[in-house]
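Here is the structure we will look at, set down as structure tokens.
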Amino acid sequence: MSLKIAVFISGRGSNLNAMIQAISDKRLDAQIQCVVSNDPEAQGLVIAQQHGLQTFALPHKGMKRREHEEKILEHLAQYELDFVVLAGYMRVISAEFLKRFHDERGFYRVINIHPSLLPSFPGVSGYEDAFNYGVKVSGVTVHLVDEEVDKGIILAQEPFPRFPDDTLSTFCARGLSVEHALYPAVLQQIAKEGVSLIPKKQVEKVT
Ligand code: GRF
């Protein structure tokens, strides 16, 4: 099944670009119906427009979260969407918004990529926090989004090493290249097989 997605961004858009490339290389069977941003100056919007994608930019300043999200939802109503794909979208998504993407299996069809091995280093500066902590191994996480920030069910994780001579910048660049491979691959797996869920709370005990 070709996955119909809306990609939400706030900035650079390198993950969006990786998806566009993966679609064009036929590594990802998806259609980006719309690129949404809360920042009309986001570099990723230029990338989207260069590739002929539809964009919708709506600054959130001066608007209540609810009102901002409602306007985005109104815009998205014209598309048939399988998933909302967050790629550097710097706004928390409300429970009301998530409910509109409810899946009958009890999750929301909203997915995110986070720049750390969750549950370590949640929040807005995953790479910086992991680097400053002095980790030897870090990684990236693709997860479903739920009402709690950075706590949704994990779909995939990919580790990468931190080398002794790394600077924050070389460390982030290594992570970002891992993101660019992992996010399209996870989306492709969903396109092929749907979401395979590993429940968060295991009841089994290891003896
Ligand atoms: C990525 O590091 C992603 O993991 C995080 O925000 C960053 C977005 O980068 N959520 P880009 O806009 O895709 O280049």
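Condition first: of a type in the set (V, I, T) and in a strand (DSSP E or B). Can you find one or more residues in the range 80-101 that meet it?
yes
So which residues in the range 100-111 are under 22 Å from E179 (Cα atoms) and open to solvent by 20 Å² or more (accessible area, probe 1.4 Å)?
Correct list: Y108, R109.
Say whether the condition of being more than 19 Å from I111 (Cα to Cα), away from the ligand (no atom under 12 Å from the Cβ) and polar (S, T, N, Q) is met by at least one residue in the range 39-51.
Yes, some residue in the range 39-51 is more than 19 Å from I111 (Cα to Cα), away from the ligand (no atom under 12 Å from the Cβ) and polar (S, T, N, Q).
With the requirement that a residue be open to solvent by 20 Å² or more (accessible area, probe 1.4 Å), in contact (Cβ under 8 Å) with a residue 40 or more places away in the chain and not aliphatic (A, V, I, L, M), what does the range 79-99 give you?
Answer for the range 79-99, where residues must be open to solvent by 20 Å² or more (accessible area, probe 1.4 Å), in contact (Cβ under 8 Å) with a residue 40 or more places away in the chain and not aliphatic (A, V, I, L, M): Y79, E80, D82, G88, Y89, R91.
Do you know which of the residues in the range 8-63 that are in a strand (DSSP E or B) and within 14 Å of the chain's Cα centre (by Cα) is surrounded by the fewest Cβ atoms within 10 Å (Cβ to Cβ)?
I32
Provide a single number: the residues in the range 64-78 that are without any contact (Cβ under 8 Å) to a residue 24 or more places away in the chain, assigned to a helix (DSSP H, G or I) and within 16 Å of F101 (Cα to Cα).
Total satisfying the criteria: 3.
Output the residues belonging to the range 1-28 that are charged (D, E, K, R) and over 16 Å from L76 (Cβ atoms).
R12, D25, K26, R27 - these are the residues of the range 1-28 that are charged (D, E, K, R) and over 16 Å from L76 (Cβ atoms).
Determine if the range 120-130 includes at least one residue that is at pLDDT 95 or above, among the small types (G, A, S), open to solvent by less than 30 Å² (accessible area, probe 1.4 Å) and within 12 Å of the ligand (Cβ to nearest atom). Give the steps one after another, and end with the answer.
Kept after step one, since they are at pLDDT 95 or above, are these residues of the range 120-130: 120-130.
Filter once more, so that each one left must be among the small types (G, A, S): 120, 123, 125-126, 130.
Filter once more, so that each one left must be open to solvent by less than 30 Å² (accessible area, probe 1.4 Å): 126, 130.
Keeping just the survivors that are within 12 Å of the ligand (Cβ to nearest atom) gives 126, 130.
Looking for residues that are at pLDDT 95 or above, among the small types (G, A, S), open to solvent by less than 30 Å² (accessible area, probe 1.4 Å) and within 12 Å of the ligand (Cβ to nearest atom), one finds at least one in the range 120-130, hence yes.
Is there any pair with a first residue in the range 171-186 that is without any contact (Cβ under 8 Å) to a residue 24 or more places away in the chain and a second that is more than 10 Å from the ligand (Cβ to nearest atom) whose Cβ atoms are under 9 Å apart and which are 6 or more apart or on different chains, and what are they?
Here the result reads R174/S138; R174/F160; R174/P161; R174/R162; R174/F163; R174/D166; S177/F160, each pair linking the range 171-186 to a residue that is more than 10 Å from the ligand (Cβ to nearest atom).
The values are calculated or read from the model by the stated rules, or taken from the named source; none is laboratory data. Quantities reported herein were computed from a predicted structural model and do not represent experimental measurements. Using ideal geometry, Cβ is built from the backbone for each residue, glycine included, and neighbour counts are taken over all protein chains shown. Keep in mind that these areas ignore ligands, DNA and RNA; they rest on the heavy atoms of the full protein, side chains included. Shrake-Rupley method; radii C 1.70, N 1.55, O 1.52, S 1.80 Å.
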